[in-house]
Amino acid sequence: MPQRISTLSQKRFDTYLIAAGHNQERALALYVWNAQVGASFHILIQAIEVSLRNRINHALVAEFGSDWWRDSNFLRLIDRSRLADITTTQKRIANQQIAIDTNQMVAGLSFGFWVGMMHRRYNPKIWSRHLNIAFPDLPPGATRQMLFDACGSVARFRNRVSHHEPLLKVNVSQTYADMQKLLFWLCPATSTWIKPHCEVPSIIRRKP
């Protein structure tokens, strides 16, 4: 491997080298393409995350009030991971010397927090009453479980991209289609607005 790219670990680069038939030039091109594909998903992932957290916030406000994140009934309901996320986010906002309010909490909580809030454990208290109100554009037959599974898939893919992992064995075309469908479920208007700005299909076609 040329000295100028010696910071690429051999084990990681071998994934691309094998996929390229041990042609180093093509392997490097695949590496760059992989990074471009991951980057091109960012605007779609962002739209899904923002839409999801705002939809769930709507349900939590309806059930627990505007300051749901410090409501005792809510804090008793959530699991340890969600509780830890709440605590960590409060500390981070406080350390920035910013007033802690619901807007700051919604923006600061992780994608994993919001995906976790779609878990079946919250069905009786939250989703049995608020699912169709919080997600008015879900198609007939779509369930909380389907929404949870779809959001979980996006979170896992997001983490894969964030850790710069190879996407060579991922069906990125299907992933893109699934994400577009999910965003439409969350908000058709956002889906229509974002889609023309997504470069995923054109970058997929440029695979070396």
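The values are calculated or read from the model by the stated rules, or taken from the named source; none is laboratory data. In this text the structure is predicted, and so the values were computed from the model without any measurement. Note that we place each Cβ from the backbone using ideal geometry, even for glycine, and neighbour counts take in every protein chain shown. With ligands, DNA and RNA removed, areas are computed over all heavy atoms of the protein, side chains included. Shrake-Rupley method; radii C 1.70, N 1.55, O 1.52, S 1.80 Å.
The condition of being among the hydrophobic types (A, V, I, L, M, F, W, C), surrounded by fewer than 16 Cβ atoms within 10 Å (Cβ to Cβ) and under 22 Å from Arg121 (Cα atoms) holds for Leu83. Of the residues making up segment 132-176, those that are of a type outside the set (Gly, Ala, Ser), within 26 Å of Phe74 (Cβ to Cβ), in contact (Cβ under 8 Å) with a residue 60 or more places away in the chain and surrounded by 15 or more Cβ atoms within 10 Å (Cβ to Cβ) number 4.
Would you check which residues across segment 97-112 are in a loop (DSSP other than H, G, I, E, B) and among the aliphatic types (A, V, I, L, M) and list them?
Correct list: Ile98, Ala99, Ile100, Leu109.
When Asn73, Asn54, Asn34 are screened for being at pLDDT 95 or above, open to solvent by 40 Å² or more (accessible area, probe 1.4 Å) and over 18 Å from the mean Cα position of the chain (by Cα), only Asn73 passes. Pairing residues of segment 70-98 that are of a type in the set (S, T, N, Q) with residues that are in a helix (DSSP H, G or I), at Cβ distances under 7 Å and at least 6 apart in sequence or on separate chains, gives Asn73/Phe64; Ser81/Gly116; Thr89/Met105; Thr89/Gly108.
Taking the criterion of being without any contact (Cβ under 8 Å) to a residue 40 or more places away in the chain, open to solvent by 30 Å² or more (accessible area, probe 1.4 Å) and not in a helix (DSSP H, G or I), would at least one residue in segment 183-199 satisfy it? Scanning segment 183-199, I find no residue that is without any contact (Cβ under 8 Å) to a residue 40 or more places away in the chain, open to solvent by 30 Å² or more (accessible area, probe 1.4 Å) and not in a helix (DSSP H, G or I), so the answer is no. Check segment 77-96 and report whether any residue there is under 22 Å from Met179 (Cβ atoms), under 23 Å from the mean Cα position of the chain (by Cα), part of a loop (DSSP other than H, G, I, E, B) and modelled with pLDDT of 95 or more. No, every residue in segment 77-96 fails to be under 22 Å from Met179 (Cβ atoms), under 23 Å from the mean Cα position of the chain (by Cα), part of a loop (DSSP other than H, G, I, E, B) and modelled with pLDDT of 95 or more.
Taken together, the residues in segment 103-127 that are touching a Leu at 6+ places or on another chain (Cβ under 9 Å) and of a type in the set (Ser, Thr, Tyr) amount to 1.
The set of residues in segment 2-28 being among the aliphatic types (A, V, I, L, M), assigned to a loop (DSSP other than H, G, I, E, B) and at pLDDT below 75 consists of Leu8 alone.
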